[in-house]
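The values are calculated or read from the model by the stated rules, or taken from the named source; none is laboratory data. This structure is a prediction, so every number in the text was calculated from the model and none was measured. Here Cβ is always computed from backbone atoms with ideal geometry, including for glycine, and neighbour counts include all displayed protein chains. Ligands, DNA and RNA are stripped out before the accessible areas are found, and what is left, the full protein with its side chains, is counted by its heavy atoms. Shrake-Rupley method; radii C 1.70, N 1.55, O 1.52, S 1.80 Å.
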Amino acid sequence: MAIGIRTAERAELDQILDWAAREGWNPGLDDAGAFFAADPEGFLVAEDEGRLAAAISVVRFGAAFCFLGFYMAHPDFRGQGIGLRLWTAALAAREGRTIGLDGVVAQQENYRRSGFAYAHANLRYGGRPQVSDPTASDLVSVSPVLVPMVTAYDAGFNPQPREAFLAQWLRPLDSRQSVALLRNGAVTGYGTIRQCRAGYKIGPLFADTESGADLLFRKLAATAPGEEIFLDIPEPNAAARALCGRYNLKPVFETARMYRGPAPDLPLNRLYGITTFELG
């Protein structure tokens, strides 16, 4: 067995997303383009004689932060130490940066041994909310002219700006759309809904107020009537938990947000939904 580790090519990200779907991670139908745009060198693979054996992402945002995800080995190559070799290589490649991850609860101790410290839980809620489409005039679809304003607003909720990712993520598609809440000419919240392998996910969902988050949630959920909706929230945000309760969403999955390096100071009280467990 001759294992090589290298940067993944764009087409291979589609295969990695298929792996993630088989693991039950439920990626969006059109995630690959935006994920790859975030950092074309941020996805690593281990291969054995041309076959992909394992994958990991360590996507860079700005000069000091990156987020780790997609850590998995193909079933044919598990139990052979390949994943650990890839993990070690990925961490070495991002030495000196703060690294964030969302890890399954059972793996917390393993991540601690690699220098990661627990910050808080993230909870996935799911259900079929019954909502009416709000008609508020300050809810607007994110058009190209609004992208710079939304990108600037988004920077206040993340350790580093993520312009390259949002340039793709905010492009309207049949499977994905974003809505902003405008007050007095300023963005005071925004969210995205996207179709996934099963149901729809809302995220990010950022808002300055609980009422603004509720309005955005209803606007987004109303685009997929009768469908199952998932929302990933930071557990410390009691208002986000209350929002889920109002619309009969139940907890279905939990991860541990952990950081290696200084943990960023994020406004969790205004963060009602994270983008994904893979990119933070």
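Normalised by the residues of the stretch 42-126, what does the relative contact order come to in percent, with Cα pairs under 8 Å and at least six apart?
24
Can you tell me the dipole magnitude for the chain around its Cα centre, using point charges on the Cβ only (Lys, Arg +1; Asp, Glu -1), in Debye to the nearest 20?
Dipole size: approximately 460 debye.
Take the solvent-accessible surface of the protein heavy atoms, probe 1.4 Å, and return the percent of it on the chain that carbon and sulfur atoms account for.
50
For the stretch 14-167, rounded, prolate or oblate, judged on the Cα gyration tensor with a ≥ b ≥ c (square roots of eigenvalues), a/c < 1.5 rounded, else prolate if a/b > b/c?
prolate
Report the rotationally averaged projected area of the stretch 62-136 based on its alpha-carbon convex hull, in square nanometres.
Seen from a random direction, the Cα hull of the stretch 62-136 projects 9.2 nm² on average.
Mind jotting down the three principal axis lengths of the chain based on Cα atoms? Whole angstrom, largest first.
61, 36, 35
Explain nothing, just the number: relative contact order of the stretch 78-180, from Cα pairs under 8 Å at least 6 residues apart, as a whole percent.
Averaging sequence separation for qualifying contacts and normalising by length gives 22 percent for the stretch 78-180.
Can you tell me the mean projection area, over all orientations, of the convex hull of the stretch 85-181's alpha carbons? Units nm², please.
9.7
Could you tell me the relative contact order of the stretch 141-223? Use alpha-carbon pairs under 8 Å, at least six residues apart, and round to a whole percent.
It rounds to 24 percent for the stretch 141-223.
Once every DSSP H run of n ≥ 4 in the chain is given -39500 (n - 2.57) and the sum is divided by its residues, what mean residue ellipticity at 222 nm do you get, rounded to the nearest 500 deg cm²/dmol?
-7500 deg cm²/dmol
Projected area of the stretch 154-198, taken from the Cα convex hull and averaged over every viewing direction, in nm²?
4.1
So what is the accessible area of the stretch 28-72 per residue, in Å², with the probe set to 1.4 Å?
Using a 1.4 Å probe on heavy atoms only, each residue of the stretch 28-72 averages 29 Å².
Distances longer than 13 Å among the Cα atoms of the stretch 181-230: what percent of all pairs is that?
So the portion of pairs separated by more than 13 Å is 55 percent.
Return the Cα extents of the stretch 183-280 along principal axes one, two and three, sorted largest first, each rounded to a whole Å.
Computed over the Cα atoms, the extents are 42, 37, 22 Å.
Calculate the length of the line joining the C-alpha centroid of the stretch 210-280 to that of the stretch 137-201, in whole Å.
Between the Cα centre of the stretch 210-280 and that of the stretch 137-201, the gap is 15 Å.
For the stretch 92-216, what is the accessible area per residue in Å² when the probe is 1.4 Å?
44
Give me the net charge for the shell around GLY126: Cβ to Cβ below 15 angstrom, other residues only, Lys and Arg +1, Asp and Glu -1.
+4
Under Stokes-Einstein, with the Kirkwood radius over Cα pairs standing in for Rh, what whole-number D in µm²/s applies to the stretch 16-87 at 37 °C and 0.692 mPa s?
Roughly 254 µm²/s, to the nearest whole number.
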